[in-house]
Amino acid sequence: MTENIKDTARRALELSLKYGCQSAKIVTDISTQSSYTVRDDKLDRLHQSTGSSLYLQLYVDERYGCYSSNRTEPGELENFIKNAVTATRLIASDPFRSLPPKELYYKGGKPDLKQFDSSFENISQPEKSRIAFSCASEMYKKDKRIISVNSEFGDSNDYTYMIDSQGFEGESKETLFTISAECSVKDKGDSRPESWWYESSILFENLKREGCGTKAMERALARLQPKKMKSGKYTMVVENTVSSRIISPVISALSGAAIQQNNSFLKDKLHSRIFPSDFYLSDKAHLIGAIGSRYFDGEGIATKEMNIIEAGVINCYFINSYYSKKLDMPITIEGPSVLTCTPDGKFTSGVAENNLDAILKKTDKGIFVTGFNGGNTNSSTGDFSFGVQGFYYENGVILHPIKEMNVTGNIVSLLNNLIFTGDDPRKSSRWLIPTLAFESVDFSGT
Amino acid sequence: MTKLHEMMSLFGVTEEDLKRLISIALSKGGDYADLYFEHSISNELSLRDKEVNGAGSHIDYGVGIRVLSGDRTGYAYTEITSLREMEKAAKVASGIANGNFKATEPIVVFPLLFTPRYSALLPWEDHTISDKIPYLQELNSLIFEADKRVNKVIARISDSTTKILFFNSLGVIAFDNRPMASITATCIMESEGKVENGSASRSFRCGYEFLTKEVINEIAGEVVNKTALSFEAIQPSGGEMPVVMGAGSSGILLHEAIGHSFEADFNRMNTSIFSDKLGKKICSEEISVIDDGTIFGNRGSIGFDDEGVLSQKTFMVKNGILNSYLHDRISANFYKTAPTGNGRRESFRYMPLPRMRATYMESGKSKEADIISSVKKGIFVDNFSNGQVQIGAGDFTFFVKSGYLIENGKLTKSVKDINIIGNGPDALADIVAVADNSQIDNGTWTCGKEQYCAVSCGMPSVLVSKLTVGGIN
């Protein structure tokens, strides 16, 4: 199968050059997925599929077009590429578009990042189904307030092959196994709060199979009888399941596209101390066994470990080859692979000491946020407003769930009110962002 | 060759092939099966830094095969429509039934006749990039000319043409050409060191006739006004207060606050906050809420849904009574009622789910000006970016890009970038005035319930007596 899609990519590259491209990049991928969903005590959904796609980036007479198709029969592919080249010639020239400098390409020879489980094909359908049933059984009829439970086992196997006309050739294989659980419970009145949990792993043998359903059930039951609190300034502790929501606007604001389009609240802030001195964001692109680790990015450029924000100072923007030319700045990385957030720049994957419980105790009282409900961030100013769900706590002890509350402010100001950064990121996530705590945050309620 | 045969030829299948695949899909005892063939061509053209310098085209092709066994679903798709590959997919989907071989009854095939809900008078495939470029250039010029503070413009024209062939075990065969077109513009303005952004869009199911000077003028005016307003705007004091929702895009309130909770998959699973409310009074008799797939050319319209059910206008709330959930075939069977034409999907890669189409509230009798003047201290909102809901708890949110404070019955300071949160049943019951100005918003609304689906929404101006507004304390 992989040889077939390699052949397709090579043929597409030849055709692109034949019809007039000065250069081109071709990406082909093939993905196999399955999922088994159990509702209450019955198999509810069974889903299996295999799909493939061909992506073309064409550079024609200083013009650039981006195309894709899953129709790769020889005649149809040739016609598609011929038309794509013709279409690209009709747009305005963009002299900044080109393949990246060859010397920046990943050239191979590095250790295996352990992104692929070779046992993928050997896991039987009955076993996958059993895992989903087992997860559901942790919740089903375990409490009389439970009204519905759902569990799902899902797996995926993705192979990607990339070549370009400068000679780059790269491939990657990734597997992912996931168990997820959802639990709905009946509250007083008509309300039916729900909650979820999930576990993911690149390797099947490392997938944590027990406890996912129980965790979802406990989280759902904990949400019964919420109270709306008075508007005011509270300490906010954000759980490691959702703390990436706070970091995400910062990552978006660091992108070359946002900087060049004057649509970033971090424009002109390179090498400036914008954030507190104990705020570090790093890209651990080569962390073995971590979801998202990679040796080359979407342009084929070799990734490297980078301190993006170091002691509150912005060390780099995410600059790919295009925005490097447009902004006259050196190429860095197009975006993070395995993002980490630490108080000192030292990422360790050992036992967490500064975890959620510790932070709740240290912060005395406040609102512990376990989920965001809508909201957005103004990319130009950093002003944000999010709906939140979670709990009010005192003396490190959770007292009751909250409801119908918003948190509002500015992302830069919020991060400057950062008081604790945990050491407990979830390994199931692509971004390894731990529990975060902030003081004096504006909550809106009654 | 008939149009049906042209469509079958496109996917390389015969009527006998379709019957054979259904037979395999039901071979383990399923109750129902369907085949959803799709060939989609989408194009985009983009302007950045005053030049139309980005182009793209994308082809997606394949068939999804679904088997229902009671309310359980087996699903598989293939991108290769050879009989061999489709048979493999049908066998996978059949596994949901997991029973013994069952010979199926011979299928009597009948074409589904439906009223056209859209047309492409000028099909997109007849028009090249060169025909579209002048409209983006004009849009760019108009935005820059309108305000000296304009610093950057990003604009895009997207179009797609999707050919559908549908067949099911009931013998329904149907085909459709579904066009879609949209223009979006984002404007960045800078003034005295402050930077603000705004966006505007229009989207319809139609062909190249969509591109007119009028629509370009509309979008340019709207995006400039929205962005300029942000310079004066503040994040207000937060808390509970009356909220006047302006006509049109405030339909996001309906989509998030009640629309999702009325989707019958959540209700048959008893996980929606409205699960026990069918036939009961849930709000003022002045209120009727509709989900409509029949508005000609609307972004949410469909001739038939993605499981071969005719589109319709469905009263979700009629005179304050919860009149109907939004059904797909599974939930309709559960509730022993007819499906409402809401079984929709993003593409052949996804199984259909109950989804909204164009969701709006009918006009009431009040005047918007009177509603605003009745509020002593509150907020008026009419420009949104996104929303979300928790189906079971009923808490919904929507993000307000801009609006105004209401002080002593008058619009005063402009506000921006605030989230509003409420509880669906409470918010619906708290609508205390409905204006006579209902209108559909024709922006690029896209719903993200498990998979993406084009929708639209609409609303008259209404007064909600109490919602929680995000803000600074």
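How many residues are in a loop (DSSP other than H, G, I, E, B), within 14 Å of chain A (Cβ to nearest Cβ) and crowded, with 24+ Cβ neighbours inside 10 Å when one looks only at the range B:449-470?
Total satisfying the criteria: 1.
Just need a number here: residues in the range B:403-448 that are more than 14 Å from chain A (Cβ to nearest Cβ) and among the charged types (D, E, K, R).
Count: 5.
Whether any residue in the range A:143-165 is modelled with pLDDT of 95 or more and on the phi > 0 side of the Ramachandran plot is what I want to check.
No.
Consider the range A:88-110. How many of its residues are open to solvent by less than 80 Å² (accessible area, probe 1.4 Å), on the phi < 0 side of the Ramachandran plot and more than 14 Å from chain B (Cβ to nearest Cβ)?
6
So that you can scan it fast, the table gives a plain yes or no per residue for (1) in contact (Cβ under 8 Å) with a residue 24 or more places away in the chain; (2) open to solvent by 10 Å² or more (accessible area, probe 1.4 Å); (3) facing another protein chain (nearest Cβ under 8 Å); (4) not small (Gly, Ala, Ser):
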{"site": "A:LYS362", "(1), (2), (3), (4)": "yes, yes, no, yes"}
{"site": "A:ASN406", "(1), (2), (3), (4)": "yes, no, yes, yes"}
{"site": "A:THR435", "(1), (2), (3), (4)": "yes, no, no, yes"}
{"site": "A:VAL441", "(1), (2), (3), (4)": "yes, no, no, yes"}
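Could you tell me which numbered condition A:MET329 fails, if it satisfies all but one of (1) away from every other protein chain (no Cβ under 14 Å); (2) crowded, with 19+ Cβ neighbours inside 10 Å?
Evaluating A:MET329 over (1) away from every other protein chain (no Cβ under 14 Å); (2) crowded, with 19+ Cβ neighbours inside 10 Å leaves (2) as the failure.
Taking into account only those residues within the range A:131-143 that are within 14 Å of chain B (Cβ to nearest Cβ) and assigned to a helix (DSSP H, G or I), which is most open to solvent (accessible area, probe 1.4 Å)?
Restricting to residues being within 14 Å of chain B (Cβ to nearest Cβ) and assigned to a helix (DSSP H, G or I), the top hit is A:PHE133.
Name the residues in the range B:320-330 that are within 22 Å of B:PRO425 (Cα to Cα) and either open to solvent by 40 Å² or more (accessible area, probe 1.4 Å) or touching a Phe, Trp or Tyr at 6+ places or on another chain (Cβ under 8 Å) (or both), would you?
Selection gives B:ILE321, B:LEU322, B:ASN323, B:SER324, B:TYR325, B:LEU326, B:HIS327.
Checking B:SER40 against (1) closer than 30 Å to B:THR186 by Cβ; (2) at the interface with chain A (Cβ under 9 Å from one of its Cβ atoms); (3) surrounded by fewer than 20 Cβ atoms within 10 Å (Cβ to Cβ), which single condition isn't satisfied?
(2)
Of all the residues that make up the range A:422-433, how many are out of contact with any Asp or Glu (no Cβ under 7 Å at 6 or more places or on another chain) and either within 14 Å of another protein chain (Cβ to nearest Cβ) or closer than 22 Å to A:LYS362 by Cβ (or both)?
6
Taking the conditions exactly as written (in contact with a Phe, Trp or Tyr (Cβ under 9 Å, 6 or more places away or on another chain), modelled with pLDDT of 95 or more and either open to solvent by less than 50 Å² (accessible area, probe 1.4 Å) or not hydroxyl-bearing (Ser, Thr, Tyr) (or both)), does A:LEU203 satisfy them or not?
yes
For the range A:337-354, state whether one or more residues are among the hydrophobic types (A, V, I, L, M, F, W, C) and farther than 27 Å from A:LYS114 by Cβ.
No, the conditions are met nowhere in the range A:337-354.
What are the residues in the range B:158-172 that are farther than 18 Å from B:LEU121 by Cα, in contact with a helix residue (DSSP H, G or I) (Cβ under 7 Å, 6 or more places away or on another chain) and assigned to a strand (DSSP E or B), if any?
Matches in the range B:158-172: B:LEU165, B:PHE167.
Of all residues in the range A:4-56 being touching a Lys or Arg at 6+ places or on another chain (Cβ under 8 Å) and of a type in the set (S, T, N, Q), which is farthest from the other protein chains (Cβ to nearest Cβ)?
Ranking the qualifying residues of the range A:4-56, first place goes to A:THR28.
For B:ILE107, are the conditions met, namely being more than 9 Å from chain A (Cβ to nearest Cβ), open to solvent by less than 20 Å² (accessible area, probe 1.4 Å) and hydrophobic (A, V, I, L, M, F, W, C)?
It is false that B:ILE107 is more than 9 Å from chain A (Cβ to nearest Cβ), open to solvent by less than 20 Å² (accessible area, probe 1.4 Å) and hydrophobic (A, V, I, L, M, F, W, C).
Taking the residues in the range B:63-82 that are of a type outside the set (A, V, I, L, M, F, W, C) and at the interface with chain A (Cβ under 7 Å from one of its Cβ atoms) as candidates, determine which candidate is most open to solvent (accessible area, probe 1.4 Å).
Across the range B:63-82, the extreme among qualifying residues is B:ARG72.
Restricting to the range A:372-401, and then to whatever is more than 10 Å from chain B (Cβ to nearest Cβ) and open to solvent by less than 10 Å² (accessible area, probe 1.4 Å), can you tell me which residue is farthest from A:ILE274 (Cα to Cα)?
A:TYR393
Spot the failing condition for A:TYR234; the list is (1) touching a strand residue (DSSP E or B) at 6+ places or on another chain (Cβ under 8 Å); (2) more than 11 Å from chain B (Cβ to nearest Cβ); (3) of a type in the set (Ser, Thr, Tyr), and only one is missed.
(2)
In the range B:130-155, what residues are crowded, with 19+ Cβ neighbours inside 10 Å and either closer than 30 Å to B:SER9 by Cβ or in contact with a Lys or Arg (Cβ under 9 Å, 6 or more places away or on another chain) (or both)?
Listed by number, the residues that qualify are B:LYS132, B:TYR135, B:LEU136, B:ASN140, B:LYS152, B:VAL153, B:ILE154, B:ALA155.
Considering B:SER230, B:SER250, B:SER272, which residue is surrounded by 23 or more Cβ atoms within 10 Å (Cβ to Cβ) and away from chain A (no Cβ under 13 Å)?
On inspection, the qualifying residue turns out to be B:SER250.
So is A:GLN225 at positive phi and either in a loop (DSSP other than H, G, I, E, B) or buried (at least 20 other Cβ atoms within 10 Å of the Cβ) (or both) or not?
yes
Take B:ARG299 and tell me if it is in contact with a Phe, Trp or Tyr (Cβ under 8 Å, 6 or more places away or on another chain) and within 14 Å of chain A (Cβ to nearest Cβ).
no
Checking the structure you have, find out if any residue of the range B:233-240 is in contact with a Cys (Cβ under 6 Å, 6 or more places away or on another chain), farther than 30 Å from B:THR128 by Cα and either in a helix (DSSP H, G or I) or modelled with pLDDT of 90 or more (or both).
There is no residue in the range B:233-240 that is in contact with a Cys (Cβ under 6 Å, 6 or more places away or on another chain), farther than 30 Å from B:THR128 by Cα and either in a helix (DSSP H, G or I) or modelled with pLDDT of 90 or more (or both).
The values are calculated or read from the model by the stated rules, or taken from the named source; none is laboratory data. The shown structure was predicted, so the numbers you read here are calculated from the model rather than taken from an experiment. Methodologically, a virtual Cβ is constructed for each residue, glycine included, from the backbone with ideal geometry; neighbour enumeration extends over all protein chains shown. When the accessible area is computed, the model is the full protein with side chains, heavy atoms only, and any ligands, DNA or RNA have been set aside. Shrake-Rupley method; radii C 1.70, N 1.55, O 1.52, S 1.80 Å.
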